[in-house]
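K.L.:
Pasting a structure here, questions to come.
The values are calculated or read from the model by the stated rules, or taken from the named source; none is laboratory data. The model shown is predicted, which means the values in this text are computed figures rather than measured ones. Reconstructed Cβ throughout: ideal geometry from the backbone, glycine too, with neighbour counts over all protein chains shown.
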Amino acid sequence: MEGFLVLVLSSIAVIIISQLFKVLLNLLWRPYAITKWYRKQGIQGPKYQFMKGSIEEIRNLKSGAQKEPMDINSHDFTPRTLPHYLKWISHYGRTFLFWFGSVPRICITEMELVKQVLSNKSGFYPKTDAHPAMLALLGKGLVLIDGPDWARHRRVVNPAFTIDKLKMMTRKMTGCAKSMIEGWENQVAQEESKQIEIELNKQFLELTADVISHTAFGSSYMKGKEVFFAQKELQTIAFSSFLKVQIPGFQYLLTPNNRKKWCLEKKVKTTLMQIIHERMKSRKDGDYGKDLLGLMLETCMVGGKENDNNRMTMDEIIDECKTFFFGGHETTSHLLTWTMFLLSTNEDWQEKLREEVLRECGMEVPNADMLSKLKLVNMVLLEALRIYGPVTIIFRKASQDMELGTIKLLKGTTIAIPIAIFHRDKEIWGPDADKFNPLRFENGLSKAAKHPNALLSFSLGPRSCIGQNFAMLEAKAVIAMILQRFSFSISPNYVHDPIDIITLQPKSGLQVIMRPMQA
């Protein structure tokens, strides 16, 4: 018996020692070897810190950079949101190595290399492993999955985003916008000054949540809005954990943050499951409805039977609904916010757009055909995406040892693409890259810069954002309807303090003075 116990204890000791050896190998020897490998190629970077990598330096630089607001006439927020990239580019060159914990990251800033990574169709540069907090927020939907699962999900989701289907949703978009604008008109009517100050960032978050609730979930839109409020809380939790060292197993501990996250995840999943079950029960003759959820369910089912090629589990449908909801309201709301900021501080462009809207739409609620004629509005939206794009950086990883240009990448290396820095590159966009100039898009997207793929706000290649036409259509509709009824200028209470909380947004909101056009 004693011999057996000794054998068991010895085995446990061997396992523990083996695991400790693997941990030390991953946290000490591997970073040293990887640093040496890239250094031989002339790629330098900040020194690796045990377990933390470069996280502490990133956190300190960002904290210091965000203490003071920006000049309202400046559009270069990169010193606030990406100060570590700017520092390391100045010290080590435009291609450098840094560490997120024990994971190596290579920053690339050459447009041809970016195109090679994002346009690859062979799966060589998949998405990076999702942070646990992002998984809680988005689930394993289109944004985070790869390979055959991604292709299958894309087949199911794609029919919901065709131009014809989006045109049908325009009425829902304009209906939600009309309710918001009528609320402003009622507020103005009660003011002697006939003007009001509105915090637009919050208004647009609520508006786009309302739009996605109607267009994604139809008659269940009130339950859809419950998902919105839960996801906003999950977003705050996700952001707070991004620059913390990830200790294996920590996400399973009964901490207050974890308990809150689990509770919110459960609420989101339960609410979405109720919506889906109700829809499947209420279908008539195989028709699941013409909203995004209905179109997705219709693609999953053919003649009332599961389609093997497009089959999705309940959990997968729920995860796609999470992705719809976050992408459908978060990025679009901030596109609207920053567009209104630019028009509030460039009133000559505001007037140009108003003239175009009144010429093409009059005072009618615009339809999809009218919106397609708003060339100047489209140019301003593209310029807003360039200067204040919702996503400031995207990541991919090397699925195997491979060459990217002259760089010999090691398997597992993360590739960092700082979109916000690309969008301010004067070699690509010209000497006025830091200025608001919608005319750069006068001859189309591909001719706006020296490289035809220079605008990366919706990414590019096979993994480009499936919802970009939805976002642009909604943004056009809302901006057009506001211009019909209001003139506006920036409030003296506004503080210019862009911050990256997963998406780029004004930290203190966007305060704008609104005046009715027909006072």
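K.L.:
Identify the single condition in (1) at pLDDT below 95; (2) touching a strand residue (DSSP E or B) at 6+ places or on another chain (Cβ under 8 Å) that Ala471 does not satisfy, given that it satisfies every other one.
P.N.:
(2) is the only condition that Ala471 fails.
K.L.:
Is there a residue in segment 172-185 that is of a type in the set (Ser, Thr, Tyr), touching a residue at least 12 places away in the same chain (Cβ under 8 Å) and in contact with a Pro (Cβ under 8 Å, 6 or more places away or on another chain)?
P.N.:
Among the residues of segment 172-185, at least one is of a type in the set (Ser, Thr, Tyr), touching a residue at least 12 places away in the same chain (Cβ under 8 Å) and in contact with a Pro (Cβ under 8 Å, 6 or more places away or on another chain), which makes the answer yes.
K.L.:
Going residue by residue through segment 223-242, is there one that turns out to be surrounded by fewer than 20 Cβ atoms within 10 Å (Cβ to Cβ), within 18 Å of Ile501 (Cα to Cα) and touching a His at 6+ places or on another chain (Cβ under 7 Å)?
P.N.:
Yes, the conditions are met somewhere in segment 223-242.
K.L.:
Another question, if that's okay. Restricting attention to segment 378-406, and to residues there that are under 19 Å from Lys115 (Cα atoms) and out of contact with any Leu (no Cβ under 8 Å at 6 or more places or on another chain), which single residue is surrounded by the most Cβ atoms within 10 Å (Cβ to Cβ)?
P.N.:
Lys397
K.L.:
Pairs please, first residue from segment 247-265 and within 22 Å of Ser102 (Cα to Cα), second anywhere and at pLDDT 60 or above and surrounded by 11 or more Cβ atoms within 10 Å (Cβ to Cβ), Cβ atoms under 8 Å, 6+ apart in sequence or on different chains.
P.N.:
Gln251/Pro132; Gln251/Asn258; Tyr252/Asn258
For every residue, the table says whether it meets (1) farther than 27 Å from Phe325 by Cα; (2) at pLDDT 85 or above; (3) not polar (S, T, N, Q).
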position: Ile106; (1), (2), (3): yes, yes, yes
position: Glu112; (1), (2), (3): yes, yes, yes
position: Ser119; (1), (2), (3): no, yes, no
position: Phe124; (1), (2), (3): yes, yes, yes
position: Thr128; (1), (2), (3): no, no, no
position: Ala133; (1), (2), (3): no, no, yes
position: Gly139; (1), (2), (3): no, no, yes
position: Val143; (1), (2), (3): no, no, yes
position: Thr162; (1), (2), (3): no, no, no
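K.L.:
Additional query: Answer yes if at least one residue in segment 345-357 is assigned to a helix (DSSP H, G or I), under 25 Å from Ala209 (Cβ atoms) and of a type in the set (Ser, Thr, Tyr), and no otherwise.
P.N.:
no
K.L.:
Quick one: Trp338 ticks every box in (1) at pLDDT below 85; (2) in a helix (DSSP H, G or I); (3) out of contact with any strand residue (DSSP E or B) (no Cβ under 7 Å at 6 or more places or on another chain) except a single one, so which number is it?
P.N.:
Going through the list (1) at pLDDT below 85; (2) in a helix (DSSP H, G or I); (3) out of contact with any strand residue (DSSP E or B) (no Cβ under 7 Å at 6 or more places or on another chain), Trp338 breaks only (1).
Every residue, every condition in (1) surrounded by fewer than 17 Cβ atoms within 10 Å (Cβ to Cβ); (2) touching a Phe, Trp or Tyr at 6+ places or on another chain (Cβ under 7 Å); (3) in contact (Cβ under 8 Å) with a residue 12 or more places away in the chain, yes or no:
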| residue | (1), (2), (3) |
| --- | --- |
| Gly93 | yes, no, yes |
| Asn120 | no, no, yes |
| Leu142 | no, yes, yes |
| Gly147 | yes, no, yes |
| Arg154 | yes, no, yes |
| Met169 | no, no, yes |
| Glu197 | yes, no, yes |
